[in-house]
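The values are calculated or read from the model by the stated rules, or taken from the named source; none is laboratory data. Owing to the predicted nature of the structure, the values given are computational and were not obtained by experimental measurement. Note that we place each Cβ from the backbone using ideal geometry, even for glycine, and neighbour counts take in every protein chain shown.
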Amino acid sequence: MTSKKYLYWITFVAINGGFLFGLNIAGISGANAMIKSEFGLTDSALGTVAALLTIGALVGALFSGRFADLYGRKKVMVASAVLYTLSALVCAFTTNIFFLDAGRVLSGIAVGITSVIAPMYISEISPAKSRGTMVSLNQFAITIGILLAYVFDYFLIGLGNDSWRYMLGIPAVFGLIFLILLFMSFPESPRWLLAKGKKDNALLVLLKVGGETSVKEDLPAIEFSLNQEKDKERVSLTELFKGKTGRVVLIATVLAAAQQITGVNAVLIYAPDIFQAAGSMKEGAMFQSVILGLINFLMTIVALWLIDSQGRKTLLLWGAAGMAVSLGYLTYEFSKPSQNAFSVLIALLTYVSFFAASLAPVMWVVISEIYPSRIRGVAMSFSTAICWLCCFLTIQFAPVIRAELGTTWMFAVFTGFCVLTFLFVIKWIPETKGKSLEQIESEFISSGV
């Protein structure tokens, strides 16, 4: 197997975690009404069932970076595959709300782990010239998972009141496949191996991934970076908030939060309900959700094509602007006594298109790049945990806002956050395309980080 093919193979294995991420987060969208009826839930309690995944994701994200630094990226990914499989089985066979909630939390922990470790791992094995595209493949896999979740829900919904069990149980099959793939010629990160003094193993991985060129160019840069950090104490959480390091953490964390507070997961999870509120029938609403997932998938391909040529910042600016305009129109549409279902569909598709081509993949790329390697594990965990906290708040309160204040106000709030994100990107987000991780770190160090 050539080095390029080997790089694609191990990236494919790593992004299976992203695929399961998407499958789990969107799979409940078609099951909401049936779960509400099955357990007699209020709107708030239903929001909790959906949002518990994000609480688990927050926990998984918060601790996975530290565990990945201690035990390696591969072992932590293996743990996530086990959790994906186990949690899906718990959700599928539960007979009470407690175990359903527990299963959602477990699946969330797995999602949180892979949301940190997959982009971190891919960024550490990829060459600088294509790293943006390679890391974005994880988001591409997430969109495939979301799309297939909608497709599965669409075809399973006709199986009766228990079809929600199949919807939530499907990830068990793919979790088992992910676990098997991780044991099939999947190496540890060469940067982690070097940090642990396993130079011979790291050389073998670099040789397989990038050939002699990678060994000659990447090895000295990685060793130089690690030697600079050797005499420093182990990073603590409090260090993330001090001095120029704190500034970098703040920038990355605000960007991570922006990915969620602009509303995408509320839209994806409650899409069938939004379409029904606009006048669509139940079956039509489910089919429109499939279209939404398809557009999300296709526009991520656009991001893969543009991210290393146009740059991270350009995509973020266009994305935030397009999302703000789309949500602004939806705010107007739902302020009317009745809505045009077709116009709502087009506006939501436009919103998801801009998100999928910008904030969705670019956020993960940027936060995997701008952190110095010594704090990368802990810092990515922190930023990703905040991302999931914002996701929880969005999913938890979106149905409450819709029920108490109306859909108009929900879209108005998300519009405001899109405008703030646009202004934030202009002022604070650096451009990192085409630079090695060590070069990015060196530039931050020279500026005082």
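Structural remarks
- Out of K5, K36, sole residue that is surrounded by fewer than 19 Cβ atoms within 10 Å (Cβ to Cβ) and either at pLDDT 90 or above or out of contact with any Leu (no Cβ under 6 Å at 6 or more places or on another chain) (or both): K5
- Residue within segment 72-92 that is among the basic types (K, R), in contact (Cβ under 8 Å) with a residue 24 or more places away in the chain and either out of contact with any Cys (no Cβ under 7 Å at 6 or more places or on another chain) or closer than 27 Å to D162 by Cα (or both) present: yes
- Only one entry in D153, D101 is surrounded by 24 or more Cβ atoms within 10 Å (Cβ to Cβ) and assigned to a helix (DSSP H, G or I), namely D153.
Here's the yes/no breakdown for (1) among the β-branched types (V, I, T); (2) buried (at least 23 other Cβ atoms within 10 Å of the Cβ); (3) at pLDDT below 85:
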site: S289; (1), (2), (3): no, yes, yes
site: N296; (1), (2), (3): no, yes, no
site: I301; (1), (2), (3): yes, no, no
site: R312; (1), (2), (3): no, yes, no
site: G319; (1), (2), (3): no, yes, no
site: S326; (1), (2), (3): no, yes, no
site: T331; (1), (2), (3): yes, no, no
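Residue-wise test of (1) in a helix (DSSP H, G or I); (2) in contact (Cβ under 8 Å) with a residue 40 or more places away in the chain; (3) under 30 Å from T213 (Cα atoms).
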position	(1), (2), (3)
G17	yes, yes, yes
L23	yes, yes, no
I35	yes, yes, no
L41	no, yes, no
L58	yes, yes, no
R66	yes, yes, no
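- Which listed residue is at pLDDT 85 or above, buried (at least 19 other Cβ atoms within 10 Å of the Cβ) and more than 20 Å from the chain's Cα centre (by Cα), from A385, A357, A379, A412: A412
- Selected residue (only one of L194, L203, L250, L237 is out of contact with any strand residue (DSSP E or B) (no Cβ under 9 Å at 6 or more places or on another chain), among the hydrophobic types (A, V, I, L, M, F, W, C) and at pLDDT below 80): L237
- Among residues that are in contact (Cβ under 8 Å) with a residue 60 or more places away in the chain, in contact with a Cys (Cβ under 6 Å, 6 or more places away or on another chain) and of a type in the set (S, T, Y), T48 is not included.
- Scanning segment 237-257 for residues that are in contact with a Leu (Cβ under 7 Å, 6 or more places away or on another chain) and buried (at least 22 other Cβ atoms within 10 Å of the Cβ) returns a single hit, V249.
- Tabulated pairs, segment 358-382, first free of Cβ contacts under 8 Å to residues at least 12 places away in the same chain, second of a type in the set (F, W, Y) and surrounded by fewer than 24 Cβ atoms within 10 Å (Cβ to Cβ), C-beta under 8 angstrom, 6+ apart or interchain: none
- Within segment 211-234, the set of residues being at pLDDT below 75 and surrounded by 20 or more Cβ atoms within 10 Å (Cβ to Cβ) comprises S214, D218, S225.
- Search result, residues across segment 389-417 that are among the β-branched types (V, I, T) and not in a helix (DSSP H, G or I): none
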